[in-house]
Amino acid sequence: MIRAIIDTNVIVSGLMVPSGYEALILLAIRQGLLRPCFSQQILDEYAGVLTRPKFDFPPDEIDTLLKMLRSQGELFEPKRSPLASPDPRDSKFHDCAHTARADFIVTGNKRHFPDAPYGLTQVVNAGDLLDRITLEQGSKEHELPCHHNLEKYLDEYIAAAGIGGNPEGPLFRTADGKTGTLTGNPMWNADAYRMIQRRAKAAGLKTRIGCHTFRATGITADLKNKGTLEHTQHLANHESPRTTKLYDRRNEEISLDEVEKISI
């Protein structure tokens, strides 16, 4: 199982934005897909920040979250890390990562963590860590029939890109600056994320979205259309149904029919 140090800003964002990547990190912990590592000093910071009046989080919600983290995580007594942080207040996260030999530090503020090699521990954001969790849960080659709409879109894309004569080359490629032409280089996760952000900004979307947003939409749509969890898990190529449940958004939708059931 992946073991990670969770920065306080991820905890706060997870409570503030239920549809965000950070909330999925908390759900992954709750479902046993990710094991948080912490010291008592880190737990104290969680409690101190979450109870600040400006956030106005309900006390029972804070208490439930902290109890969940304690029950699902590992408590360490850290030793001093050889690396210093630009912000001394973050030293406790470095020290705990060094002692716990954690796989990752997940943070929304990577500039507070050094870029130097960090032993076994990598510094990532919430989206990056979700990619790793998903990869760990299903990284084998996976073949599925192509939806007829997707087949149409792919045919149009290949024709417009002029790459039909190069079947061995990458399907999705980076662009050559703002020229509108494609290079021969493959598109990576970061490239796809930047493209999505540009399209979201152009569309006037203020909600944070990314690749996992589309995955959640597809999984939720299949489950809403009478797909079974087992079937949807297979479509998503997840090793565990718990990973598939991370992306199920049906509970976030309240229909008018449900509201009308309330007798007043």
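The values are calculated or read from the model by the stated rules, or taken from the named source; none is laboratory data. These numbers come from a predicted model, not from an experiment. Please note: Cβ atoms are built from the backbone with ideal geometry, for glycine as well, and neighbour counts cover all protein chains shown.
What to note about this one:
- All positions within the stretch 214-261 that are of a type in the set (Val, Ile, Thr), at pLDDT below 85 and crowded, with 18+ Cβ neighbours inside 10 Å: Thr243
- Yes/no for Thr183 being part of a strand (DSSP E or B) and without any contact (Cβ under 8 Å) to a residue 12 or more places away in the chain: yes
- Number of the condition not met by Asn189 [criteria: (1) modelled with pLDDT of 90 or more; (2) on the phi < 0 side of the Ramachandran plot]: (1)
- If you filter the stretch 156-166 down to residues that are under 25 Å from Leu235 (Cα atoms) and of a type outside the set (A, V, I, L, M), you find that the one that is surrounded by the most Cβ atoms within 10 Å (Cβ to Cβ) is Tyr157.
- Entry remark, the stretch 139-155: residues being more than 28 Å from the chain's Cα centre (by Cα) and exposed (fewer than 10 other Cβ atoms within 10 Å of the Cβ) number 1 in total.
- Failed criterion for Tyr153 (all others in (1) at pLDDT 85 or above; (2) under 30 Å from Gly32 (Cβ atoms) hold): (2)
- Residue match in the stretch 23-43 (condition: buried (at least 21 other Cβ atoms within 10 Å of the Cβ), farther than 22 Å from Tyr247 by Cα, at pLDDT below 90 and among the small types (Gly, Ala, Ser)): no
- Helices (runs of 4 or more DSSP H) fully within the stretch 1-100 counting 1 or more residues that are touching a residue at least 12 places away in the same chain (Cβ under 8 Å) and not assigned by TED's automatic domain parsing to the domain that holds Ala126: none
- Among the residues making up the stretch 173-213, those that are surrounded by fewer than 15 Cβ atoms within 10 Å (Cβ to Cβ), more than 26 Å from Gln233 (Cα to Cα) and polar (S, T, N, Q) are Thr179, Thr181, Thr183, Asn185, Gln197, Thr207.
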